[in-house]
Amino acid sequence: MAKERPYLDIQNLTKRFGARLLFENISFSIAENQKIGLIAKNGTGKSTLMSMITGKEGIDSGNIIFRNDLNVGYLEQSPKFDSDETVLDACFNHHGDPAKILKAKQILTQLKISDMQQPMGELSGGQQKRVALANVLITEPDLFLLDEPTNHLDLDMIVWLEDFFKRGNKTLLMVTHDRYFLDRVCNSIIELDDHQLYTYRGNYSYYLEKRQERMDQTQAEIQHAKNLYRKELEWMRRMPQARGHKARYREEAFYDLQRNARKRIEDRQMRLKATHVYIGSKIFECQYVSKRWGDKVILENFYYNFSRFEKMGIVGDNGTGKSTFIKMLMGLVPPDSGNFDIGSTVRFGYFAQEGMKFDDQQKVIDVISDIADDIDLGGGRHMTATQFLEYFLFTPQEQYDYVCKLSGGQRRKLYLCSVLMKNPNFLVLDEPTNDLDIQTLQVLEEYLQDFPGCVIIVSHDRYFMDKVVDHLLVFNGNGMIKDFPGNYTQYREWSKLQSEKKEESESKEPAKSKVIYHHVDNKKMTYKEQREFEKLSEDIKALETEQKQLETDLCSGTLSVKDLTEKSKRLPGLKQELDDKSMRWLELSELKA
């Protein structure tokens, strides 16, 4: 029986921009029901590859072959619309079909686009991206090509989109930096690295495991090359008379070894610790602040006292006031009443969602060195502007490129570096993860975990939030804000548990008593529950201490193989135990003592 042709076959594809090589002779195919995530660093050609596949960008050499009569749906990174057409008309694939119009309205509603007759020109860039996504989903194509589909979606929309792609036999190739999305949706990962393509037949977790194996193997090969290089160097110095015709092959092989020996593995070993940062005990106090936009309530008599070294995440649906809250804190938007009392030692570093305008004719290194020549790491250690850019994955060559040559993701990364280079002690980051590649996100996560100042992050990247923050403000709209002592996944689990308890309680109560259900939260702790709550607090503190020590030990590089194995086995169990006890603590904390 003949093998069925793939939906898409990429054969020996090469692309250059002038002297700059993006990729060379890469090949891969997409079969029916295959869900592929494309991973690569900013500026290495992910969006260019998607544009080449759809015919919007030319190819230097190679072939792109689609199966005959294949219906393809393409979501661009920055879609363009006629500003005068309505939202519904922008979903141009409905062709007046009532069933498709109904489907369009359902999907647009899921993506929180409610006014179907609103002109596209009145929508924000994020709203336009959601309309473009709806347009692709409505067509029900054989093959989805999606460039950053989760950008500008709030957390509920991302979960809905995950479920959409997990249902049925859907085939897709997507560029995304949402690692939970990659893990839960994709069954294959392809990685562009150093002009080459690597394929991993599994989800994101599988990719991490196999990529590490590949990097370990590469490291071993590089070490071997270095050893050979050292020996060859000795030979070249010792035996100049041997460089005749018979030894020419050894001389050529020497230069190959030299190239291999100097190849850098970009997985960072260094952890940047800005230990010099000082911040006083008073950070800021949000003193009964209220804010409205017309009839829309953003904050209503809101009070919060921010703690020293706190790492807070702010989450909530689009339009609930997250960015407005940040702008009030930064003094960019005045509150209607109340005020922010900010400590005298606080030095803000603000990364705005809107980004930063650069001089396109300035070089990357000059943008950073104009801010400071170096950054003080404390303890007599300094990092130059060049080293700082290199830490955030700008190669020496890229540092001397003009800003006009940077991709959108590289511009966002440069903006981030410009904020951090000012050496603040309180970082306020509004959607910092949009358009950043996964490797940069990993570096940023590491930086923020080590950062000894204060951090507030507004983000829809669940993975990023889980790794960095330890406290949430959840904006639920209409001025309702939930103060939650945990990360995003813990909040979702807690929220689900509360919903299940509410449904169970309602199902047991007679209909006439449901009107007083909201009083159930006032239930008091029993004596036994009070003792359990106190014991849980002690257990959680002990487990957190043990976890911190375990992680320190595992990173020390001094453990024996036996100790390393034992501690590695203990860590997952400890984390699960900590999560279980934390969830029970949260349940009990809802009761009155």
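The values are calculated or read from the model by the stated rules, or taken from the named source; none is laboratory data. For clarity, every value in this text was computed on a predicted model and none was experimentally measured. A quick note on method: Cβ atoms are made from the backbone with ideal geometry, for glycine too, and the neighbour counts reach across all protein chains shown. Heads up: the accessible areas ignore ligands, DNA and RNA and are worked out on the full protein's heavy atoms, side chains in. Shrake-Rupley method; radii C 1.70, N 1.55, O 1.52, S 1.80 Å.
What to note about this one:
- Rounded tilt (10° steps) of 125-139 against the dominant C-alpha axis of the chain: 80
- Residues whose placed amide H lies under 5 Å from that of residue 313, excluding near-sequence neighbours: 457, 470, 471, 472, 473
- The separation of segment 434-452 from segment 99-115, counted between C-alpha centres, amounts to 35 Å.
- Cα gyration tensor shape for segment 1-129, rounded if a/c is under 1.5, else prolate or oblate: oblate
- Debye log10 I(q)/I(0) for the chain, one point scatterer per Cα, at q = 0.06 Å⁻¹: -0.39
- Principal semi-axes of the equivalent ellipsoid, √(5λ) from the alpha carbon gyration tensor of segment 320-397, are 32, 19, 10 Å from largest down.
- The H on the amide N of residue 31, modeled in the peptide plane, is under 5 Å from the matching H of 7, each at least 5 residues off or on a different chain.
- Between the beta carbons of residue 231 and residue 25, assuming R0 = 35 Å, the FRET efficiency works out to 0.60 to the nearest 0.05.
- Computed FRET value (nearest 0.05) for residue 293 with residue 363, which takes r as the C-beta separation and R₀ as 30 Å: 0.15
- Scoring 177-189, 207-219 by mean Cβ neighbours within 10 Å over their residues and listing the highest first yields 177-189, 207-219.
- Most to least packed among 482-493, 42-53, 356-367 [average Cβ atoms within 10 Å]: 42-53, 482-493, 356-367
- Segment 164-203 and segment 297-352 have Cα centres separated by 36 Å.
- Net charge contributed by nearby residues that have their C-beta within less than 13 Å of residue 386 (K/R +1, D/E -1): -4
- Relative packing of 290-299, 423-432, which averages over residues the other C-beta atoms within 10 Å, highest first: 423-432, 290-299
- In order along segment 454-459, phi translates into HN-Hα couplings of 9, 9, 10, 10, 9, 7 Hz, rounded to whole numbers, per the Karplus curve 6.51 cos²θ - 1.76 cosθ + 1.60 with θ = phi - 60° and x for Gly and Pro.
- Computed over segment 433-508, Kirkwood Rh from alpha-carbon pairs, angstrom: 14.4
- For residue 23, the residues whose modelled amide H falls within less than 5 Å of its own, excluding neighbours fewer than 5 places apart on the same chain, are 15.
- Dipole-positive endmost among 19, 280, 474 within the chain (Cβ charges, Cα centre): 19
- Using θ = phi - 60° and Karplus 6.51 cos²θ - 1.76 cosθ + 1.60, couplings along segment 37-54 (whole Hz; Gly, Pro as x): x, 9, 10, 6, 5, 4, x, 9, x, 5, 5, 4, 4, 4, 5, 5, 4, 8
- Taking the 1.4 Å solvent-accessible surface of the chain as the whole, the part contributed by carbon and sulfur is 48%.
- Rolling a 1.4 angstrom probe over the protein heavy atoms with all chains in place gives segment 348-426 an accessible area of 44 Å² per residue.
- Expressed to the nearest 5 percent, the antiparallel share of DSSP beta bridges inside the chain is 50 percent.
- Gyration tensor verdict on segment 358-468 (Cα atoms; rounded if a/c is under 1.5, prolate if a/b is larger than b/c, oblate otherwise): oblate
- Spin-label model, residue 542/residue 308: points 7 Å from Cα along the beta carbon direction are separated by 2.9 nm.
- Net charge of the neighbourhood of residue 159, taken over other residues with C-beta under 10 Å away and scored Lys/Arg +1, Asp/Glu -1, is -1.
- For segment 110-120, 3J(HN,Hα) computed residue by residue from phi via the Karplus equation (6.51, -1.76, 1.60; θ = phi - 60°) reads 4, 8, 6, 10, 9, 8, 6, 9, 5, x, 4 Hz, glycine and proline entered as x.
- With protein chains left intact and a 1.4 Å probe, residues in segment 182-234 average 55 Å² of accessible area per residue.
- Point-charge dipole on Cβ atoms (K/R +1, D/E -1) for the chain, about Cα centre, debye to 20: 1360
- The chain, helix-only ellipticity at 222 nm - DSSP H runs n ≥ 4, -39,500 (n - 2.57), divided by all residues, nearest 500: -13500 deg cm²/dmol
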